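Take a look at the structure set out below.
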């Protein structure tokens, strides 16, 4: 199966403000055909550097997708650079020019002289008409390499790729099937996890395994690409059957669902309700729970108690408990969760109290409480991280404590 | 002035889910030194392709920054690839290994055998200690090219770059002065803003102006690079003096401060306190307010009232008000804010109630309330956006309402 590279053209993509996001869409589309994207390059509107990028990509990969640089201005150089790199000329197409003029006229505008630049096509290229803009795309096969030139705006690029490039790519490629499985894990470090499962995945030569740390969770992606569907399915199933028992109940989802979505499903299935009491996280836990549509089915609400006084007043935490143990302590975390449960009448309640920092000698110390019909528990965590991560990671632990309780797993 | 290239290493950055965002930060930092980033490359965890990228970059540019691939696992190949590309060996450093072991022990973990990989340093490289993770960075000058190896996690990369790479880069570069001004604007669309100010900034040939839409706000960045400090300062000051009056009190900060930071300063200066009552946003507003360190100086806390019952019970919203107007209405937003203010005893309170979607005929309709010593107000907003944006944008409006009230600006 041939590999692909994506070259995003445009000096604005080399500023601190802009990212090339077209490549995510294109990667998804190419992956679905069984094509791997092996390199992405961003290069500015500079003829020599662009030519160099095109030649490099063509020497390495069989599919080269270029996005952007097809506009009418002088810094739009993709047409010229590809033509130059392939030693081909540019040919003026009167029909394209007429189309651009008609399009602009339809929108009440007169065609500027510079728009004529967009009517030049690389010798031997197929024109990819653009229903949503003035810049047509181009498709050229040259020495066994397919070059695809697409306009930068996503609303022009996407329909052009789906309607005109996919059918052409499918003709080039051998039939392939891809099957994947996403394991999402919480409560374990990346290197520990890798040490545990790498002896297994290394034995599967045709399986691509990716391990990714995301905001305190680990995502394991298994991906098989085969000629036949049942081959790919068998490969993924076999590897999963070996890997999942090693990770055990730390795997919280196998289909890409988020932790808050898993909690949502568990609570809905049990007809149970939830509330929260947050100090250090200031509302992030509630914000995350309510990122799931229709969270009101099970989420009652909660309390953001950022001061001692609010913990006492809103959650009924005894003042003497705070005086004795401080607000960041196991008994206070427990009292906060129980106070939220009592105050909202929910079945379950989660609490978070801790030192998010950025300064102070106890930074990263967090207590997370769970109040439930079958009793309360508190976990103590010491994070090595900064304020943003202490807060984000703590919401993981809280949701995972609830997940484990709902599934009757040991804490 | 030498150019730079950035190579982001990691197969996960070649999936449809992940972007290399470190390069935005690095570009900003390099630009501030007067260094242009001329190419960005993303390459997977594959030795040969990585080596090829390193050799290509070094042949073109004098500064090559590599991010990622410094972890402990076998697919972390940056150290090996750079060493190989430069024909240098890797040397084991016992002191780095001891440091990793001590760090992991502090967090109650045992060092895995594979962590030893992170103690290998390219022959002749300077070690860049990592205060926030196990992977040290590396700095090597080779044939006039500076290679900088940085860990992928932003919280490890950023302090390492600022504290250890900037001083080294400054020594390499000719003196240049850059002066910038960030105008942050809320309550206005990107194209309206551009239409308003583009006649001004287009007259300044040596000023780089960038307009950026970020989560419902607009950031305008003015940037002058000159040989002398007073030239750059004059240029930025002149342009600002023309642009700022056009934007008026929609500009909430001129120094890069976030809206929540501006609110923090205003409340602190007045010795005033704040609380929140959130429905649709489920805690995001509180989460954002408490993203500012020491928010406890002015933030009392709040209520996440996701059901009608909780609005009645926790905030004292009259049941008949909800029955008559529904929970998403001006009177209920007002009663929520006033209930939060009364319940916490704060000077100010903000409330948000709305339909975040994703479905329903009133999706995007949000009421935002402010209760204050000098009276309450409610704003009605109809967003054209999806669930995530409805929620995020609504927190902007809430904070901006408070800003305007604190500054005695008209609503």
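State all residues of the range B:96-121 that are within 8 Å of chain A (Cβ to nearest Cβ) and either under 16 Å from residue A:190 (Cβ atoms) or surrounded by 15 or more Cβ atoms within 10 Å (Cβ to Cβ) (or both); if no residue qualifies, say none.
B:103, B:107, B:109, B:112, B:113, B:114, B:115
Please verify whether the range B:353-370 includes one or more residues that are assigned by TED's automatic domain parsing to the domain that holds residue B:277, over 20 Å from residue B:306 (Cα atoms) and touching a strand residue (DSSP E or B) at 6+ places or on another chain (Cβ under 7 Å).
Our first condition is that a residue be assigned by TED's automatic domain parsing to the domain that holds residue B:277; within the range B:353-370, this holds for B:353-370.
Checking the rest, the ones that are also over 20 Å from residue B:306 (Cα atoms) come to none.
Within the range B:353-370 (the criterion being assigned by TED's automatic domain parsing to the domain that holds residue B:277, over 20 Å from residue B:306 (Cα atoms) and touching a strand residue (DSSP E or B) at 6+ places or on another chain (Cβ under 7 Å)), the answer is no, since none of the residues qualifies.
Can you name the helices (runs of 4 or more DSSP H) wholly within the range B:275-325 that have at least 3 residues being facing another protein chain (nearest Cβ under 7 Å)?
By residue number, B:284-289.
If a residue must be in contact with a strand residue (DSSP E or B) (Cβ under 6 Å, 6 or more places away or on another chain) and within 14 Å of residue B:27 (Cβ to Cβ), how many such residues does the range A:16-30 contain? Explain how you work it out, then say what you get.
Quick first cut of the range A:16-30, residues in contact with a strand residue (DSSP E or B) (Cβ under 6 Å, 6 or more places away or on another chain) only: A:17, A:20, A:22-23, A:26-27, A:30.
Okay, now just the ones that are also within 14 Å of residue B:27 (Cβ to Cβ), so A:17, A:20.
Summing the residues that are in contact with a strand residue (DSSP E or B) (Cβ under 6 Å, 6 or more places away or on another chain) and within 14 Å of residue B:27 (Cβ to Cβ) in the range A:16-30 gives 2.
Name the single residue, out of those in the range B:246-273 being within 17 Å of residue B:394 (Cβ to Cβ) and in contact with a helix residue (DSSP H, G or I) (Cβ under 6 Å, 6 or more places away or on another chain), that is nearest to the other protein chains (Cβ to nearest Cβ).
Here is the first cut: in the range B:246-273, the residues within 17 Å of residue B:394 (Cβ to Cβ) are B:252, B:258-260, B:263.
Going one step further and asking which of them are in contact with a helix residue (DSSP H, G or I) (Cβ under 6 Å, 6 or more places away or on another chain), we end up with B:252, B:259-260, B:263.
Details: B:252: 19, B:259: 15, B:260: 10, B:263: 13 Å.
That would be B:260.
Of these, A:85, A:146, A:102, which one is closer than 26 Å to residue A:44 by Cα and more than 29 Å from the chain's Cα centre (by Cα)?
Details: A:146 fails: more than 29 Å from the chain's Cα centre (by Cα); A:102 fails: closer than 26 Å to residue A:44 by Cα.
That would be A:85, the only listed residue that is closer than 26 Å to residue A:44 by Cα and more than 29 Å from the chain's Cα centre (by Cα).
Could you identify the single residue in B:316, B:302, B:271, B:286 that is under 22 Å from residue A:391 (Cα atoms) and modelled with pLDDT of 95 or more? Don't jump to the end; show me each part of the working.
On the way: B:316 fails: under 22 Å from residue A:391 (Cα atoms); B:302 fails: modelled with pLDDT of 95 or more; B:271 fails: under 22 Å from residue A:391 (Cα atoms).
Testing whether each residue is under 22 Å from residue A:391 (Cα atoms) and modelled with pLDDT of 95 or more leaves just B:286.
Please determine whether any residue of the range A:202-218 is touching a strand residue (DSSP E or B) at 6+ places or on another chain (Cβ under 7 Å) and either away from chain B (no Cβ under 14 Å) or over 28 Å from residue A:400 (Cβ atoms) (or both).
Of all residues in the range A:202-218, those touching a strand residue (DSSP E or B) at 6+ places or on another chain (Cβ under 7 Å) come to A:206-212, A:217-218.
Restricting the remaining residues to those that are either away from chain B (no Cβ under 14 Å) or over 28 Å from residue A:400 (Cβ atoms) (or both) gives A:206.
Yes; the residues of the range A:202-218 include at least one that is touching a strand residue (DSSP E or B) at 6+ places or on another chain (Cβ under 7 Å) and either away from chain B (no Cβ under 14 Å) or over 28 Å from residue A:400 (Cβ atoms) (or both).
Which residues, taken from the range A:122-143, are within 15 Å of residue A:80 (Cβ to Cβ) and surrounded by fewer than 18 Cβ atoms within 10 Å (Cβ to Cβ)?
A:123
Output the number of the condition that residue A:32 fails; it satisfies all remaining conditions of (1) more than 14 Å from every other protein chain (Cβ to nearest Cβ); (2) surrounded by fewer than 20 Cβ atoms within 10 Å (Cβ to Cβ); (3) in contact (Cβ under 8 Å) with a residue 40 or more places away in the chain.
Condition (1) is where residue A:32 drops out.
Which one of these is surrounded by fewer than 17 Cβ atoms within 10 Å (Cβ to Cβ) and either modelled with pLDDT of 95 or more or within 29 Å of the chain's Cα centre (by Cα) (or both): A:323, A:349, A:356? Write out each step before concluding.
Details: A:349 fails: surrounded by fewer than 17 Cβ atoms within 10 Å (Cβ to Cβ); A:356 fails: surrounded by fewer than 17 Cβ atoms within 10 Å (Cβ to Cβ).
Being surrounded by fewer than 17 Cβ atoms within 10 Å (Cβ to Cβ) and either modelled with pLDDT of 95 or more or within 29 Å of the chain's Cα centre (by Cα) (or both) holds for just one of A:323, A:349, A:356, which is A:323.
This table checks each residue for (1) within 24 Å of the chain's Cα centre (by Cα); (2) on the phi > 0 side of the Ramachandran plot; (3) free of Cβ contacts under 8 Å to residues at least 12 places away in the same chain.
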{"site": "B:17", "(1), (2), (3)": "yes, no, yes"}
{"site": "B:23", "(1), (2), (3)": "yes, no, no"}
{"site": "B:37", "(1), (2), (3)": "yes, no, no"}
{"site": "B:41", "(1), (2), (3)": "yes, no, no"}
{"site": "B:44", "(1), (2), (3)": "no, no, no"}
{"site": "B:52", "(1), (2), (3)": "no, no, yes"}
{"site": "B:57", "(1), (2), (3)": "no, no, no"}
{"site": "B:61", "(1), (2), (3)": "no, no, no"}
{"site": "B:68", "(1), (2), (3)": "yes, yes, no"}
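Working carefully through the options A:12, A:5, A:74, A:80, find the one that is within 14 Å of chain B (Cβ to nearest Cβ) and without any contact (Cβ under 8 Å) to a residue 60 or more places away in the chain. Explain how you work it out, then say what you get.
Values: A:5 fails: without any contact (Cβ under 8 Å) to a residue 60 or more places away in the chain; A:74 fails: within 14 Å of chain B (Cβ to nearest Cβ); A:80 fails: within 14 Å of chain B (Cβ to nearest Cβ).
None of the others qualify; the one that does is A:12.
If you take the residues of the range A:362-411 that are in a loop (DSSP other than H, G, I, E, B), in contact with a helix residue (DSSP H, G or I) (Cβ under 7 Å, 6 or more places away or on another chain) and within 14 Å of chain B (Cβ to nearest Cβ), which of them is nearest to residue A:326 (Cα to Cα)?
A:364
Which of the residues spanning the range B:148-167 are modelled with pLDDT under 90 and part of a strand (DSSP E or B)?
none
The values are calculated or read from the model by the stated rules, or taken from the named source; none is laboratory data. Owing to the predicted nature of the structure, the values given are computational and were not obtained by experimental measurement. All Cβ positions, glycine included, derive from the backbone under ideal geometry; neighbour counts span all protein chains shown.
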